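Only one structure is covered here, and it is reproduced in the block below.
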Amino acid sequence: MKNKLAKFHLIALPTILAGIVGHFSSLTKFQRAYQIELPADWGFWLRFSTLSVLKKQLRFLQKHDHWDQAALKIYLKQIQPAFVKQVSVFQRLAESFEQTQQVGSEVYTQMYVGSQLKAKKKLRLVLRQLGAVVDDHGFLQLLGTHEFARNLVPHAVFYTAFRADVWQAYPGKAGLNRDALGQRLHLFRSWIDLQNIRYIRQNYTGSTDFAKLQKYATTAKIPLDLTTSAAFHNRSAQVFRYPQNMKVQISAANTAASSNFNNARMAEFIIDLDTRNFVSEWDAYCFESDGRVDSDPQHYSKKQLYQIANTESFNYGIPKGQQHDLPAKDHTHYYLDVKHPFDPQVRQLATQAFRSPQVVTIGGPYADLIKRLPDLVSWQKIPVSQRNAVYQEYLRFCAKTGSVPGYGGFLEQVSVKYLWVEV
């Protein structure tokens, strides 16, 4: 028996050693190909283990997540500083790789921006990683291996880069109506909205959603925009009386560091004028046990359909509002966001039940009440019983002057403190 074991060791040991040497040789070639610099004082096994982990990670990112070589090199570049501290190198490798599975994380964003894939392929890559599939009710379900990074902020560089790729991939009047990917990109806007409202609610304190949103804007030093029309977010099932909701967009002006990006009026929030809380489809939808959204339109009440009809909507294009930072020929918002592909069936039902009013500039009964924050304070002072009469006076002023100054601005122009009488 001993002779057999000795004979086995004589045969197996050289084979094992040859395998290790061969594997290390392939790792050395891998190291040279990607120009990976490791500290000179590292021992054999530390170098061997580190390169083995890196090679496995890059193989996964390439074969499974479908990143190109440019993105892989960005990944290696951002973890390079970890190699000077060998005590934490494997923890750093694990944390960095985990970020590659979180859409919008710092590492993921660097890879996305650095990737040399064409715009449409990059957009498709993100949806593929998130497992974006349109179900039988026309609703986009996210069933993939990736998820949004929890710290992904509404003004994130990732969103701005993603928006820029949408512009590049879908120029012209056809917008997202051009193909099936465009349809999925339109539906994907809702999921970005979910991430945005979750981030605000979970990371800031305040008595209302609007108070939390203001804290976020103050902390991030981002100006809010209240000037774009909220007519599509004041849908009503009955005769329209006066606005119930206002629209807030971030950022009021472009604050992107790169000249290639523009984040102006990108993220959007709809605020109930009375409660100052968000009006959102995501406060109506029900999630099933497998993580899917129940998209059957027959499962939602009229109250829930109101939320779905008047929900927020992330903007691929740039709404103009009362800002003057866009050329007259810029119609990206109309082509990419307004003239969009089909909504899911549940929202189609909601927008059939709740109709948006025509704006005052074309003879309709709608004019934004809120254009500045003081407008909200002035409007909330009016007793509910008198709001309809006061709004009609404001509406006549807007129709006569051809302007929509907001309620506070209206009071300043007519030199009247209030148009109602306390009883």
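Observations, loosely collected:
- Among the candidates Pro319, Pro357, residue that is within 14 Å of Phe232 (Cα to Cα), open to solvent by 10 Å² or more (accessible area, probe 1.4 Å) and in contact with a strand residue (DSSP E or B) (Cβ under 7 Å, 6 or more places away or on another chain): Pro357
- Among the residues listed as Leu152, Leu127, the single one being surrounded by 17 or more Cβ atoms within 10 Å (Cβ to Cβ), touching a helix residue (DSSP H, G or I) at 6+ places or on another chain (Cβ under 9 Å), of a type outside the set (S, T, N, Q) and not in a helix (DSSP H, G or I): Leu152
- Counting the residues of the range 214-248 that are among the aromatic types (Phe, Trp, Tyr) and under 22 Å from Val153 (Cα atoms) gives 1.
- Flag for Asp272 being open to solvent by less than 60 Å² (accessible area, probe 1.4 Å), closer than 30 Å to Val384 by Cα, of a type in the set (D, E, K, R) and out of contact with any Asp or Glu (no Cβ under 8 Å at 6 or more places or on another chain): yes
- Meets criteria (more than 27 Å from His331 (Cα to Cα), in contact with a Leu (Cβ under 9 Å, 6 or more places away or on another chain), hydroxyl-bearing (Ser, Thr, Tyr) and open to solvent by 80 Å² or more (accessible area, probe 1.4 Å)) for Thr145: yes
- Residues of the range 301-312 that are part of a loop (DSSP other than H, G, I, E, B), in contact (Cβ under 8 Å) with a residue 12 or more places away in the chain and surrounded by fewer than 21 Cβ atoms within 10 Å (Cβ to Cβ): none at all.
- Tabulated pairs, the range 225-244, first within 16 Å of Arg372 (Cα to Cα) and assigned to a loop (DSSP other than H, G, I, E, B), second open to solvent by 30 Å² or more (accessible area, probe 1.4 Å) and basic (Lys, Arg), C-beta under 9 angstrom, 6+ apart or interchain: Leu226/Arg372; Thr227/Lys320; Thr227/Arg372; Thr228/Lys320
- Condition broken by Lys320, with the remaining ones in (1) touching a Leu at 6+ places or on another chain (Cβ under 7 Å); (2) part of a helix (DSSP H, G or I); (3) closer than 23 Å to Val404 by Cβ satisfied: (2)
- Any pair with Cβ under 9 angstrom, 6 or more apart, that starts in the range 186-199 at a residue that is within 20 Å of Arg124 (Cβ to Cβ) and in contact (Cβ under 8 Å) with a residue 12 or more places away in the chain and ends at one that is among the aliphatic types (A, V, I, L, M) and open to solvent by 20 Å² or more (accessible area, probe 1.4 Å): Leu187/Val134; Phe188/Leu142; Trp191/Leu142
- The range 265-290, subset in a loop (DSSP other than H, G, I, E, B) and out of contact with any strand residue (DSSP E or B) (no Cβ under 8 Å at 6 or more places or on another chain), residue nearest to Pro319 (Cα to Cα): Arg276
- Scanning the range 363-390 for residues that are open to solvent by less than 10 Å² (accessible area, probe 1.4 Å) and farther than 18 Å from Thr227 by Cα turns up Ile382, Val390.
- Evaluation of Asp225 against (1) open to solvent by 10 Å² or more (accessible area, probe 1.4 Å); (2) at pLDDT 95 or above; (3) not hydrophobic (A, V, I, L, M, F, W, C) (one fails), failing number: (1)
- Here Val346 fulfils each of the conditions (1) within 28 Å of Ala211 (Cα to Cα); (2) in contact with a Ser or Thr (Cβ under 9 Å, 6 or more places away or on another chain); (3) of a type outside the set (Phe, Trp, Tyr) apart from (1).
- Among the residues of the range 166-220, those that are β-branched (Val, Ile, Thr), in contact with a strand residue (DSSP E or B) (Cβ under 9 Å, 6 or more places away or on another chain) and under 28 Å from Asn260 (Cβ atoms) comprise Ile192, Ile197, Ile200.
- Residue in the range 291-298 that is in a loop (DSSP other than H, G, I, E, B) and small (Gly, Ala, Ser) present: yes
The values are calculated or read from the model by the stated rules, or taken from the named source; none is laboratory data. Computed from a prediction, not measured in an experiment: that's the story for all the values here. We place every Cβ from the backbone using ideal geometry, glycine too, and count neighbours over all the protein chains shown. For accessibility, only protein heavy atoms count, side chains too; no ligands or nucleic acids. Shrake-Rupley method; radii C 1.70, N 1.55, O 1.52, S 1.80 Å.
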